[in-house]
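The values are calculated or read from the model by the stated rules, or taken from the named source; none is laboratory data. Every value quoted in this text rests on a predicted model; they were computed, and no experiment measured them. Cβ sites come from the backbone with ideal geometry, for glycine too, and all protein chains shown count toward neighbours.
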Amino acid sequence: MSKALSPTRAASFAAAYAVLTLIGRATALEGQVVSLIWPGSGVALLWLLAESPRHTLRVLAPLLAIHFGVVVATGASPLLGLFGATSVTVQTAVTGLLVRRWCPTMLGAGGTASIRSPRNLAAMAGAAAIGCALGAVIGTLGLWLDAAPVTALTPVAWFARHVAGVLTVGAVGHLAWEWRTQPIPDRIHGGSRTELVVLWVVSVAVTVLLFVQPYPVVFLVIAFAVWSAARFPTFPAALHCLVLGGIALSLSLTGHGPFDSVDDPVAEVLVSQLFMVAVLLTGLAVGALGDRVDESYAAETAARAEAAEQAELLAEMTESMDEGLVVLDADGRVERSNGATRRLAHRVSPATADADALAELVSRLREPPSSDTGAVRAELGVGDVVITLSSGEEIVLAVSRATLTRTDGRPGILLVLREVTEHRSGLRPLAGFASTAAHDLRGPLSAIRSWVGLAADDLEPGSPAAEPLRRAERAAEQMGELIGDLLEHALAESGELAAREVAISGPDGVLDQVSGLLGPDDVLTAAPDLPSVRADPVALRQLFGNLIGNAVKYARPGEAATITVRARRQGSRVVVEIEDCGVGVEDSERSLIFQRFHRSGAVRAHFRGTGMGLSICQTIVQRHGGTIECLATPPGSGTVFRFDLPAASTPEGGTGSS
């Protein structure tokens, strides 16, 4: 705690320690000055933990004074009183320091927990053992200096009484502190109040009976500790165990029970305290483990409820989607589908059962005739499938496929279906326009450039008409580049695609075909065994040509371009990355550079271009069923483009045109 104790609470701790010190002194045997028990050790530790770490002297100084005053007033010599007070003060300070260091989650150490976890319980027991061992050394030294009788059992008895005080009064008190300040859940499979009353009545009665008869069967008390801790929260269980241990200790001190057969009274009390601590630690250990089991059970229950809620939400989302979703097993049988898929299946096969309609739809998607795919029809993309309905109407479905990996290891296939009939039909005129524009626009523009060039060459040097003509010539060149890019974009978007296996690297690979774009000092690095793809060779050459050309074009001024191409197989796709060390792309521009005609201000100021190249790349990748993105990179470290294409050897179960 960071806040200092109030005077009222500090006085309460001081009074409690004084009272327990008097109780401990009352157990001293006739003719001896050393007490048999010392419950005040637990209160001293609680007092220190309740105080702010910045004000520990506000606890240790009064503790030293109270202990010294009470023991001297009850017959101990001033020398022994001083060493006894120092012993308790040192052990309390050391134990508190170690608890705060080892258990930062505990109350009094900066956290909100108690010893309801095995780790905190073990750490507190270890801290108490170390602190009480130091106290026993100091106390035994005081007895020796005071000329009191000292034997080998003396430091053991001193250590045991203080450890017993810390692990009984201190532990139960700390649990009570948590019970009062923190919400503590009941046992998930806990007992009722009636069971609790029965437990108390039976266990107290049996404990008394066990200690008023001479036979050594007191170990049966431990069964009640296990019962209590397993069925009820840790604090009530610990309090119950403390009461049972206190009854056992009290009866032993009055000459009852099997421990009375021990001749040495110090050894008898030592054994009795050991029994009390054993009962309490058994209850605490079972309670701590029970709390962990309850926490795990609660977490698992919450996770199951959340998973069920997410599954229900996912089902609602998939049912409300316009796109069709179909999950197939390894043999191509339909396992799951959403409403859009079922509606589509019944358009294909009217008046049939869901299962039969879905099976027919999947059959047509997996094995379509080549005449109904993008390999023949220019307006279709790779992955598009045409289905002829019974009415003679044609619908176009864009089909994408993904491999599913389940937790049980069974393979699966996810098909995503999107009807694109209207969109694809609108591309048919565009495909014809591309070839017409190539002939009708480039011809006149080439003539304009030629005549402007001839006119500029015929002028006298220094003629005032030379500069306007040169500007016209440059404008014509730029218009030619723009028309070329527009035509390439139109062809990329609606031109005929003939997908086949294409190597990326190697002597005949697409990288070798575009290597002419490199300058004499530029470096292109790629592994010789990059996976092949299934794509249109012309479109693929344009895709890689645009990206490699950009890497060369946007190299740092005065530096050669360094380009690295990587590719890896991922399911039915090949993921390609092209990395360069050029000027890079700002984070704010990464999502904009694929728009048509978009060029950032910095690029426009230093580099020529039309802003169509990356839009063309995106169109090509999308027509092959993939996506392209510009990855985030540290400023000044170049650019990385990542895209995916169909793999050359598509596993069985894919769509016919993928």
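Tabulated values for the structure
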read-out: Region 226-248, subset small (Gly, Ala, Ser) and surrounded by fewer than 20 Cβ atoms within 10 Å (Cβ to Cβ), residue nearest to VAL169 (Cα to Cα); value: GLY246
read-out: Checklist (1) under 30 Å from GLU367 (Cα atoms); (2) touching a residue at least 60 places away in the same chain (Cβ under 8 Å); (3) not polar (S, T, N, Q) applied to ALA298, failing item; value: (1)
read-out: Given (1) outside the structural domain of ASP356 (by TED's automatic domain parsing); (2) surrounded by fewer than 15 Cβ atoms within 10 Å (Cβ to Cβ), number of the condition GLY339 does not satisfy; value: (1)
read-out: Flag for ARG187 being surrounded by fewer than 22 Cβ atoms within 10 Å (Cβ to Cβ), over 27 Å from LEU253 (Cβ atoms) and either in contact with a strand residue (DSSP E or B) (Cβ under 6 Å, 6 or more places away or on another chain) or at pLDDT below 90 (or both); value: yes
read-out: Matching residues in region 262-305 - criterion: being loosely packed, with under 12 Cβ neighbours inside 10 Å, of a type in the set (A, V, I, L, M) and within 24 Å of ILE115 (Cα to Cα); value: ALA299
read-out: Lone qualifier among VAL156, VAL202 - being assigned by TED's automatic domain parsing to the domain that holds ALA267 and more than 43 Å from the chain's Cα centre (by Cα); value: VAL202
read-out: Residue in region 143-161 that is part of a helix (DSSP H, G or I), touching a Phe, Trp or Tyr at 6+ places or on another chain (Cβ under 8 Å) and within 21 Å of VAL243 (Cβ to Cβ) present; value: yes
read-out: Residue count, region 45-84 (criterion: in contact with a Gly (Cβ under 8 Å, 6 or more places away or on another chain), buried (at least 22 other Cβ atoms within 10 Å of the Cβ) and over 22 Å from ALA147 (Cβ atoms)); value: 4
read-out: Subset tally (residues that are hydrophobic (A, V, I, L, M, F, W, C), loosely packed, with under 11 Cβ neighbours inside 10 Å and more than 19 Å from the chain's Cα centre (by Cα)) for region 306-316; value: 4
read-out: Residue in region 211-219 that is surrounded by fewer than 16 Cβ atoms within 10 Å (Cβ to Cβ) and outside any loop (DSSP other than H, G, I, E, B) present; value: yes
read-out: Residue in region 83-101 that is modelled with pLDDT under 90, under 49 Å from the mean Cα position of the chain (by Cα) and either within 15 Å of GLY165 (Cβ to Cβ) or not in a loop (DSSP other than H, G, I, E, B) (or both) present; value: no
read-out: Strands (runs of 3 or more DSSP E) within region 382-423 that include 2 or more residues in contact with a helix residue (DSSP H, G or I) (Cβ under 7 Å, 6 or more places away or on another chain) and farther than 15 Å from ALA340 by Cα; value: 384-388
read-out: Verdict on SER272 being among the hydroxyl-bearing types (Ser, Thr, Tyr) and in contact with a Ser or Thr (Cβ under 6 Å, 6 or more places away or on another chain); value: yes
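Rundown of residues vs (1) aliphatic (A, V, I, L, M); (2) modelled with pLDDT under 80, yes/no style:
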{"position": "SER615", "(1), (2)": "no, no"}
{"position": "VAL621", "(1), (2)": "yes, no"}
{"position": "HIS624", "(1), (2)": "no, no"}
{"position": "THR627", "(1), (2)": "no, no"}
{"position": "THR633", "(1), (2)": "no, no"}
{"position": "SER637", "(1), (2)": "no, no"}
{"position": "ARG642", "(1), (2)": "no, no"}
{"position": "ALA647", "(1), (2)": "yes, no"}
{"position": "THR650", "(1), (2)": "no, yes"}
